[in-house]
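Quick notes on the structure that follows.
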Amino acid sequence: MEKPAEKNIFKTVSEDDTKNFARKFACSLKDGDIICFFGEVGAGKTVFTRGLCRGLGFKGYVNSPSYIIMNMYENGGMNIQHFDLYRIGSSSELTEIGFYDFIYRKDSVSIVEWADKIKDCLPEKRIDVFITVTGENTREFEIIRYG
Amino acid sequence: MIVLGIESSCDDTSVSVLKDGNILSVATNTQTVHSGYGGVIPEVASRAHLKNISAVLKNALDKAAVGLNDIDAVGATYGPGLVGPLLVGLNFAKGLAFSLSIPLVPVNHIESHILANFIEHPDIEYPFLALVVSGGHTELVYSPSFGKYELIGRTRDDAAGECIDKVSKMLGRGFPGGKIMDSLASEGDSGFTVFPRGMKNSPDFSFSGLKTAVKYYIEKNDKAFIDQNISDIAASFIDSVTDSLTEKLFSAAELKKPATVLLAGGVSANTSLRKKASAYAAKKSIRLCYPSVQYCTDNAAMTAMSAYMMIKKYGTDRFRFDPELDAVPFLRIEDKKI
């Protein structure tokens, strides 16, 4: 059975504000954490992810892995695995692409964009981040920590 | 010299036979596209590569009227790309090279897109500036001489082709969106509306903001309006993509003064991009080259060509069979092995 979740809501008013919030949020993370993003196109997943990587100490190149499904950032502070499941059709494909070989690694923080695609088989212990567009530049982040 | 090229970095399994720099055959098995959700299924892709590759090889050899024992060397893509598909192609190539006792040339997928230009334009002069644009790549690269690359700019978020594919899906026009958006755009008025141009005054590209802007535009207007003006909207969108691409290409050309400018990758088949680049090249008296459409998208002819050029430059001894050779999914153009 899942442990009771801890839930927090944050609001940001601009792209810079989102980046700064992501940097601060990164300070609460430790190796083995899995962060799953839920939100439509344009919600700010890319902006948040970049801020998160900077907060985790990675200064290098962060881009969208939509086509190659996964990026790894290793020459900074903490190791980061960046997944993008945009092209995944269903959760049954995850085994084939090696998702489970990577996601449980204890020496990395994992970021999963488009986690909606695999709702039914996300790791039990994880942090969900739901991003809601509340205005042109304003966003609401609902962060739920499981386990 | 007969070189076999094998390319399987993403969704297509492709094999090509090249003789002394001339392409004898290309056989490609394109994965079934599942337009229902807007993507190619990686699981299917990985398994399909494995299922297809022997038949694709046979097809390429038959078309070229060449037998396995006639092959002098194999070239295979070892990165960047999806790890499963890469491993299928590379290990197949290793098996062939080992059993035939011939050299195996590891080919960088991004470099091979650039070198695809040499298939039809073998006399391209260095130094050149190359814009590599596809679903997975947006890179502006300067090459002073063969095999040397300096990265000038790249995308900070989405690749240009990825942005076009995603917008095509948002507009309800299917995946992949390259051809669809191109033909809609060529019938439309690019001045219909103005979408933003990302990362002005920087060598780097950005397409995430543009994607979001189109999304808001679709939400703000009703569906009938969008459908009625679809060609004009597509033209305005493509105009923004190609403006961003060419602005950086032209600024880099002013700075680097290359002898040749090259376009490469699937998006280099785009009509608007070719038109803008051609106009600039004519004005500045710079030579512009781009591959014909069949060599723009992923194909093994470019892999065979790259392997052939590397053998010509470095000799076969450098490419003796290496059982340790492994796929490198996050390989960059600057990370050259040779």
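The values are calculated or read from the model by the stated rules, or taken from the named source; none is laboratory data. These numbers come from a predicted model, not from an experiment. Methodologically, a virtual Cβ is constructed for each residue, glycine included, from the backbone with ideal geometry; neighbour enumeration extends over all protein chains shown. Each accessible area value is taken on the protein alone, full model and side chains, heavy atoms only, with ligands, DNA and RNA left out. Shrake-Rupley method; radii C 1.70, N 1.55, O 1.52, S 1.80 Å.
So, R0 is 30 Å and r is the distance between the beta-carbons of A:LYS7 and A:THR95; what FRET efficiency does that work out to, to 0.05?
Computed FRET efficiency for A:LYS7 and A:THR95: 0.45.
Using Cα-Cα distances under 8 Å and only pairs 6 or more residues apart, what relative contact order does segment A:4-146 have, in percent?
36 percent
Per residue and in Å³, how big is the convex hull formed by the alpha-carbon atoms of the protein assembly as shown?
Spread over its residues, the Cα hull of the protein assembly as shown gives 147 Å³ apiece.
Using θ = phi - 60° and the Karplus relation 6.51 cos²θ - 1.76 cosθ + 1.60, list the HN-Hα couplings for segment B:213-228 in order, rounded to whole Hz, with x at every Gly or Pro.
After applying 6.51 cos²θ - 1.76 cosθ + 1.60, I find 4, 5, 4, 5, 4, 5, 5, 6, 9, 7, 4, 4, 5, 4, 4, 5 Hz.
Once you charge only the Cβ atoms, +1 for Lys and Arg and -1 for Asp and Glu, what is the size of the charge dipole of chain B about its Cα centre, to the nearest 20 debye?
Magnitude of the dipole: close to 380 debye.
Order B:MET1, B:MET302, A:MET72 by their accessible area, 1.4 angstrom probe, all chains in place, largest first.
From most accessible down to least: B:MET1, A:MET72, B:MET302.
Dividing the alpha-carbon Rg of segment B:188-277 by 2.2 N^0.38 Å yields what?
Compactness ratio reported: 1.21.
Please list, in chain and number order, the residues 5+ apart from A:ASN79 or on another chain whose amide H is under 5 Å from its amide H, with Hs placed from the backbone.
Here A:VAL109 satisfy the definition.
Towards the positive end of the charge dipole of segment B:124-294, with charges on Cβ (+1 Lys, Arg; -1 Asp, Glu), say which of B:SER206, B:PRO127, B:GLY266 has the farthest Cα.
Of the options given, the answer is B:PRO127.
If you restrict to DSSP beta bridges whose two residues both lie in segment A:4-146, what percentage is antiparallel, to the nearest 5?
Around 60 percent antiparallel, to the nearest 5.
B:ALA282 versus B:TYR216, label points 7 Å from Cα toward the beta carbon: distance in nm?
3.7 nm
Nearest-5 percent of antiparallel DSSP beta bridges in chain B?
60 percent
May I ask you to derive the relative contact order of chain B, considering only C-alpha pairs under 8 Å and at least 6 residues apart, and to give it as an integer percent?
For chain B, the relative contact order is 25 percent.
Report, in whole Å, the centroid distance computed from the Cα atoms of segment B:257-336 and segment B:187-251.
27 Å
What ³J(HN,Hα) values, in whole Hz, does the Karplus curve 6.51 cos²θ - 1.76 cosθ + 1.60 give for segment A:98-107 when θ = phi - 60°, with x put for Gly and Pro?
Listing the rounded values in order: x, 3, 6, 6, 9, 4, 8, 4, 8, 9 Hz.
Of B:LYS63/B:LYS313; A:LYS30/A:LYS106; A:LYS7/A:LYS106; B:LYS166/B:LYS275; A:LYS19/A:LYS119; B:LYS19/B:LYS313, which sit over 18 Å apart, Cα to Cα?
Over 18 Å apart, Cα to Cα: B:LYS63/B:LYS313; A:LYS7/A:LYS106; B:LYS166/B:LYS275; A:LYS19/A:LYS119.
Cut-off under 21 Å on the C-alpha distance; same-chain residues fewer than 8 positions from B:LYS276 excluded. Which lysines are left, in chain and number order?
B:LYS179, B:LYS200, B:LYS248, B:LYS256, B:LYS257, B:LYS284
If I ignore ligands, DNA and RNA and count only protein heavy atoms, how much of B:GLU254 is accessible to a 1.4 Å probe, in Å² to the nearest 10?
So the heavy atoms of B:GLU254 present about 80 Å² to solvent.
Under unit Cβ charges (Lys, Arg +1; Asp, Glu -1), what dipole magnitude, rounded to 20 debye, does the protein assembly as shown have relative to its Cα centre?
With only Lys, Arg, Asp and Glu charged at Cβ, the dipole is about 740 debye.
Which of rounded, prolate, oblate describes segment A:4-146, given a ≥ b ≥ c as roots of the alpha-carbon gyration tensor eigenvalues and a/c under 1.5 marking rounded, otherwise prolate only if a/b is larger than b/c?
Rounded, because the longest to shortest axis ratio a/c is under 1.5.
Could you sort B:THR77, B:THR30 by their accessible area in this structure, using a 1.4 Å probe and putting the largest first?
B:THR30, B:THR77
Might you report the magnitude of the Cβ-based charge dipole of segment B:124-294 about its Cα centre, with Lys and Arg at +1 and Asp and Glu at -1, to the nearest 20 debye?
Approximately 380 debye in magnitude.
Can you give me the long-range amide H partners of B:PHE205? Hydrogens built in the peptide plane at 1.01 Å from N, cutoff under 5 Å, separation of 5 or more residues or another chain.
It is B:ARG154, B:THR155, B:ARG156, by chain and number.
Can you give the angle from 0 to 90° between the axis of helix B:230-256 and the longest principal axis of chain B, with both taken from C-alpha atoms, to the nearest 10?
Taking the Cα atoms of chain B, the angle to B:230-256 is about 60 degrees.
Classify segment B:124-294 from the C-alpha gyration tensor, please: rounded if a/c falls under 1.5, else prolate or oblate depending on whether a/b exceeds b/c.
Note, shape of segment B:124-294 comes out prolate.
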